[in-house]
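The values are calculated or read from the model by the stated rules, or taken from the named source; none is laboratory data. Computed from a prediction, not measured in an experiment: that's the story for all the values here. Note: ideal-geometry Cβ built from the backbone for every residue, glycine included; neighbour counts use all protein chains shown. When the accessible area is computed, the model is the full protein with side chains, heavy atoms only, and any ligands, DNA or RNA have been set aside. Shrake-Rupley method; radii C 1.70, N 1.55, O 1.52, S 1.80 Å.
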Amino acid sequence: MKLTVKSVSRVALVSTLVAAATGAAVLVASPASAATTLGASAAERGRYFGTAVAANKLSDSTYVGILNREFDMVTAENEMKIDALEPQQNQFNYANADRIVNHARNQGKKVRGHTLAWHSQQPGWMQNMSGSALRSAMLNHVTKVATYYRGKIHSWDVVNEAFADGSSGGRRDSNLQRTGNDWIEAAFRAARAADPGAKLCYNDYNTDNWSHAKTQGVYRMVQDFKTRGVPIDCVGFQAHFNSGNPVPSNYHTTLQNFANLGVDVQITELDIEGSGSTQAQQYQGVVQACLAVSRCNGVTVWGIRDSDSWRASGTPLLFDGSGNKKAAYNSVLSALNNGSSTNPTTPTSPTTPTNPGGGCTATYSAGQSWSDRFNGQVTVSGASNWIVTVTTSSPQKIIATWNTAASWDSSGNVMTARPNGNGDVFGFTVQHGGNTSRPTVSCRVG
């Protein structure tokens, strides 16, 4: 998270897109026995629900009351950034960060570490460095901080915001980037050596839309790291949304495609400017997207009350300035209470493989299911140039796909899936409209 407003891409039809992507247009009632707090409900689904915390707010009783009641993960808003922890070279000040970490741990909450290496919020001494001296100083900071907090951090944002906005899909020009293109890899390797038990994440903003060049650039880096054994465990999506940059219709696809690389995904700095039902629907859509991806560990909102937000004028959080629950809070809790666990009870045994053309086999497996939709997965074997036909029954509609290039016939009930370079396993989400029958699949060689 920056201290200045981020550039955003323009996407239209806010509530329509969220509804199309996640089936979130209608808020459903929670069961009578449902959890009554965000953290408790998320925990029932094998996830966490966290918030950013400022040390100077820990004397505010309303703030602390909400924090202690609602959240089970904590991120320091600014107190664990480079300028806060190492104001003078090799002289570390952990006092404010420790206040947050100790409060969280004393309350039984986990901690996300934010952030070890970043081009922004560097202390003056680091800003004036370059080349090998800067590289050494960066690695020393990563090592010293991760070692100090070893065993206390659930996930580290090892590197933050290293990719450029716009159409290049490349790295941001920064003093760290100018030390060599391998600086991100070096930071991750240093973090793993210092704290082997923490999840190591790459974190960025404006990477929510699967079609954006920046998203693809980060994806290629993660793919490369996984191929070469660079120790990366997770990818963080900041998820700062507003009317000019609403939740994209392919948000679930983005999360799933990264998860398919073998990393966890985390929503790390969620805030959505707005009010009322539109804001509530977008929040619900984000949470449902996370729940639909088994490797989505959890959601962190970037602040507690609107008045605590870095963009308070946009009223982007779940509680108003007085600490009252907003409609967005109710929609999030409803989505959590009606969501599926990361260990779903839905039968996952595969259907009988089909290969009417004799050249390839498509096997369907059921995934997670919710009150309004379910996931399916297809595994293809026997050919690399496969074409799989997926047929749903009305009123079912496929509202999201991942790991495939897909098209539909005029009825909208027959999807044709082809390889997109990401292997021979693909998936989709069906909004079932009350019809929970399994889709049928068939395979032919293209």
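Where in region 216-254 does the amide nitrogen come within less than 17 Å of the point 7 Å from the Cα of SER167, taken along Cα to Cβ?
Those under the cut-off are 216-217.
Determine the sum of side-chain charges near LYS214: Lys and Arg each +1, Asp and Glu each -1, restricted to other residues whose C-beta is under 9 angstrom from that of LYS214.
Every neighbour counted, the sum reads -2.
Given the pairs LYS144/LYS325; LYS81/LYS325; LYS199/LYS397; LYS57/LYS226, which are separated by over 32 angstrom at their Cα positions?
LYS144/LYS325; LYS199/LYS397; LYS57/LYS226
Starting from the Cα gyration tensor of region 178-307, take the square roots of the eigenvalues, sort them a ≥ b ≥ c, and report rounded, prolate or oblate (rounded when a/c is under 1.5, otherwise prolate if a/b is larger than b/c, else oblate).
prolate
Once both labels are modelled 7 Å past Cα along the beta-carbon direction, what's the THR227-ASN93 spacing in nm?
Placing both labels 7 Å along Cα→Cβ, they lie 4.5 nm apart.
Between ASP409 and SER275, how high is the FRET efficiency from 1/(1 + (r/R0)^6) when r is the Cβ-Cβ distance and R₀ = 45 Å? Nearest 0.05.
0.65
If you build a Gaussian network model of the chain, linking Cα atoms that sit under 10 Å apart, which residue out of ALA52, ALA133, ALA191 swings the most?
Judging by the Gaussian network model, the answer is ALA133.
Tally Lys/Arg at +1 and Asp/Glu at -1 over every other residue whose Cβ is under 12 Å from the Cβ of ALA280; what's the total?
Counting the neighbours of ALA280, the net charge comes to +2.
With a 1.4 Å probe and every protein chain kept in, tell me what percent of the accessible surface of the chain is carbon plus sulfur.
Carbon-and-sulfur percentage of accessible area, whole number: 48.
Between beta-carbons, use under 10 Å as the cut-off and find the net charge around PHE319, counting Lys and Arg +1, Asp and Glu -1.
With Lys, Arg at +1 and Asp, Glu at -1, the net is -1.
What is region 232-275 by shape, rounded, prolate or oblate, if you read a ≥ b ≥ c off the alpha carbon gyration tensor as root eigenvalues and call it rounded for a/c under 1.5, prolate for a/b larger than b/c, and oblate otherwise?
Verdict is oblate for region 232-275.
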